[in-house]
Amino acid sequence: MKYIGRTNEYFEIINLTSFTQQALEKPDQDLLSFIWFEEDGSELTIDARCKKYYKNQIVCLTPFHKVSISKITKAKVLRFNSPFYCILEQDSEVGCKGLLFFGSASLPILNPSDEDLEILTAVWKMILLEMNSKDNLQLEMLQMMLKRLLILSTRIYKSQENFGKVDNVQSDIIRDFNFLVEHHFKEKHGVAEYATMLNKSPKTLSNLFKKLHDKSPLQMIQARIMLEVRRLLRYTDKPISEIGYEVGFNDVQSFSRFFKKNEGISPSEFRG
């Protein structure tokens with residue numbers, strides 16, 4: 001089921017099967033996606049990391065994720081582009097800046113509760129019903145349903161990632177830090193640089209991250225660099241020295257040491 005608007009708005013619902021998996025593996029548009037697994041046992045490699053997924057897990061993908069599917073049992077996909085709904089132009093809760101999509105060094109995987117699933121299922125059904133509408137209100141209605149889905153998903157993710165331990169102001173700082181890392185990780189590798197951009201001290205950032213999880217701000221920066229490096233090593237033919245330079249290392253030796261420290265093997269061994 002697909003909606004295409006007059007000004008390139010794109011919104012689509014797909015039942016993911018072995019026949020439709022190419023839509024994720026080789027997308028022809030810059031799309032944001034939700035994958036909702038309906039059965040256990042699907043196996044996907046995303047950014048050179050293979051993982052099995054279980055019933056009712058939900059994964060959020062950007063156009064930058066590299067996806068290949070080893071096995072698909074039953075799943076459904078919702079995809080949309082920026083003309084349909086630009087999350088970067090929305091407020092923090094709806095836009096999900098630094099949470100569901102942009103700014104996350106690790107793949108966001110939602111694990112909804114039974115109560116969450118009731119609400120999500122109801123919203124999904126309303127989206128399906130609205131896809132069959134052909135009046136001049138269809139675009140607005142679909143955007144409203146997507147907005148609700150984004151809000152619900154953000155709440156689920158914030159809950160499971162312990163965002164309840166920080167207040168709204170602190171949550172905004174963490175999200176803005178993640179978003180800045182997404183845009184500057186190739187040239188800025190130090191926590192102090194991001195702290196300056198946020199008008200905060202490095203210690204403030206470290207204390208905030210301690211409330212949420214065991215990763216420090218520096219580890220978050222390094223994780224984002226590693227994500228990019230794994231993509232470039234696995235999905236391009238660029239020389240290792242060029243990849244190192246692209247993510248901010250001046251020589252191949254320091255880049256190789258960084259990679260081996262984080263991955264446990266050398267870049268050439270990882271590339272195979």
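Values in this text are rule-based calculations from the coordinates and carry no lab data. Since the structure is predicted, the reported quantities are computational estimates derived from the model, not experimental observations. When we count neighbours, we look across all protein chains shown, and the Cβ atoms used for this are built from the backbone with ideal geometry, even at glycine.
Backbone geometry of region 2-13 corresponds, through the Karplus equation with coefficients 6.51, -1.76 and 1.60 at θ = phi - 60°, to 3J(HN,Hα) couplings of 9, 10, 10, x, 6, 10, 6, 5, 10, 8, 8, 10 Hz, x marking Gly and Pro.
Note on the chain: dipole from Cβ charges, positive end direction compared against THR7, ASN81, ALA223; the farthest Cα belongs to ALA223.
So if I take the alpha carbon set of the chain, get Rg, then get Rh from the Kirkwood formula, what is the Rg over Rh ratio?
Details: Rg = 19.5 Å, Rh = 20.0 Å.
Radius of gyration over Kirkwood radius for the chain works out to 0.98.
Can you give the helix-only mean residue ellipticity at 222 nm for the chain, where every DSSP H stretch with n ≥ 4 adds -39500 (n - 2.57) and the sum goes over all residues, rounded to the nearest 500 deg cm²/dmol? Computed mean residue ellipticity for the chain: -14500 deg cm²/dmol.
Ordering PHE11, PHE80 by the number of other Cβ atoms within 10 Å of each residue's own Cβ, fewest first, gives PHE80, PHE11. Relative intensity of region 2-161 on a log10 scale, I(q)/I(0) at q = 0.20 Å⁻¹, equals -1.52, per a Debye sum over C-alpha point scatterers of equal strength in the absence of solvent. Whole-Hz Karplus values for region 250-257 come out as 7, 9, 5, 5, 5, 5, 5, 4 Hz, taken residue by residue from phi with 6.51 cos²θ - 1.76 cosθ + 1.60 and θ = phi - 60°; glycine and proline positions read x. Across the cross-link table entries LYS147/LYS186; LYS74/LYS134; LYS51/LYS76, which are compared at the Cα atoms, the separations over 22 Å belong to LYS147/LYS186; LYS74/LYS134.
Computed from backbone phi with θ = phi - 60° and the Karplus coefficients 6.51, -1.76 and 1.60, the 3J(HN,Hα) list for region 149-161 is 4, 4, 5, 4, 5, 4, 4, 4, 5, 5, 5, 6, 9 Hz; x is used for glycine and proline. Separation of region 16-87 and region 239-254 by C-alpha centroid, Å? Cα centroid to Cα centroid, the span is 31 Å.
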